[in-house]
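> Mind looking over this structure? Questions follow.
Taken together, the values in this text are just the output of simple stated rules run on the coordinates, not laboratory data. Since we're looking at a predicted model, the values are computed, not measured. Neighbour counts are summed over all protein chains in view; Cβ atoms, including those assigned to glycine, are modelled from backbone coordinates with ideal geometry.
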Amino acid sequence: MPVQNDTVDSVQQTNNDIMPNSLIDAHCHLDFECFDDDRTQVLERAKKNHVSDIIIPGTQQKYWSRIQHLCTQQGLHACYGLHPYWCKQHTPDDLTALEQIIANEKCVAVGECGLDFRPQQADKKDQLDFFLAQLNIAYNAKLPVVIHSVRATEDIIKTLKKFSGLRGMVHSYSGSFEQAHQLIDMGFYISIGGSVTYNTAKKVRNTVKNIPLSALLIETDAPDQADSQHSNERNEPAFLMNVLEEISVLRDEALDVIAQQTRKNAQQLFGLD
């Protein structure tokens with residue numbers, strides 16, 4: 001459902017006294033149609049709540065042009081990729097198109113790519129084929145990858161081991177602390193979203209407490225995965241502060257310290273100024 005302005009304004013009022021360094025939303029589907037009616041207002045609310053930059057991942061070839069158009073705006077950064085959720089709709093021609101667009105258009109990463117092994121996603125072999133192809137494209141282009149992983153962390157790790165030196169992030173991380181350390185040792189960042197604000201998300205909360213701050217990114221995954229304060233609402237970048245606040249409590253570290261380091265991490269990964 002659409003976000004109510006008074007709800008967002010209350011978040012802003014609470015957080016304005018804190019004033020951390022500007023935040024980077026490391027994963028947000030701002031190109032999705034659910035933002036078409038109020039995207040300008042969404043961006044205004046994001047800025048009022050300290051979000052200066054947003055990474056926009058691609059999901060299907062037919063929507064990449066929307067991301068291209070959006071990322072002519074300052075602070076918006078494009079990724080292009082083929083999401084495993086829509087694996088049955090992807091074709092080999094999409095991979096050719098992916099190589100072409102990253103060669104000719106400015107982008108900061110390849111993705112969102114990865115594996116989604118929920119029961120309704122039965123096309124495991126096809127998913128792995130598209131994942132491997134995109135990793136190879138990213139490796140050859142010397143770009144990082146944005147990885148989607150649902151019930152597939154071990155398979156993600158095994159696959160990434162084939163590409164020594166490749167870097168990237170696993171977004172909306174849901175694996176274990178031990179798996180997170182394997183990924184970090186391979187040069188990958190762990191990105192955390194609204195799930196960390198739910199007490200039931202024990203694995204995620206434990207991971208957040210214990211991984212090095214130098215390996216952490218924060219995200220919204222908007223319009224999905226809203227934090228516990230907005231569980232019945234459409235998610236949006238303005239709510240990133242709630243993720244930051246929860247991480248600050250879990251780690252017992254100052255907001256501005258986490259804000260500064262996660263911004264630095266995103267800048268390093270995506271090559272941002």
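> Nearest 500 deg cm²/dmol is fine: what mean residue ellipticity at 222 nm does the chain get from its DSSP H runs of n ≥ 4 alone, each adding -39,500 (n - 2.57), divided by its residue count?
Value at 222 nm, helices only: -12500 deg cm²/dmol.
> A further question follows. Give the relative contact order (percent, whole number) for the range 22-270; include only Cα pairs under 8 Å separated by 6+ residues.
RCO, the range 22-270: 20 percent.
> What is the magnitude of the charge dipole of the chain about its Cα centre, with +1 placed on the Cβ of each Lys and Arg, -1 on the Cβ of each Asp and Glu, and no other charges, expressed in debye to the nearest 20? Write down the numbers at each step before the final one.
Numbers: 25 positive and 36 negative charges, 178 e Å.
The calculation lands at about 860 debye.
> Can you work out the FRET efficiency for the pair SER228 and GLN268, with r the C-beta to C-beta distance and R0 = 35 Å, to the nearest 0.05? Intermediate values should be presented prior to the final figure.
Details: r = 30 Å, r/R0 = 0.85.
Calculated transfer efficiency: 0.75.
> Estimate the FRET efficiency between ASP123 and VAL257 by the formula 1/(1 + (r/R0)^6), using the beta-carbon distance for r and 45 Å for R0, to the nearest 0.05.
After rounding to 0.05, the efficiency reads 0.60.
> Work out the FRET efficiency for TYR198 and LYS88 from their Cβ-Cβ distance, taking R0 = 25 Å, and round it to the nearest 0.05.
For R0 = 25 Å, the calculated efficiency reads 0.25.
> Here are labelled values, [x] 0.94; [y] 1.05; [z] 0.96, and one is the computed Rg/Rh (Cα atoms, Kirkwood Rh) for what I pasted. Which one?
Derived directly from the coordinates: [x].
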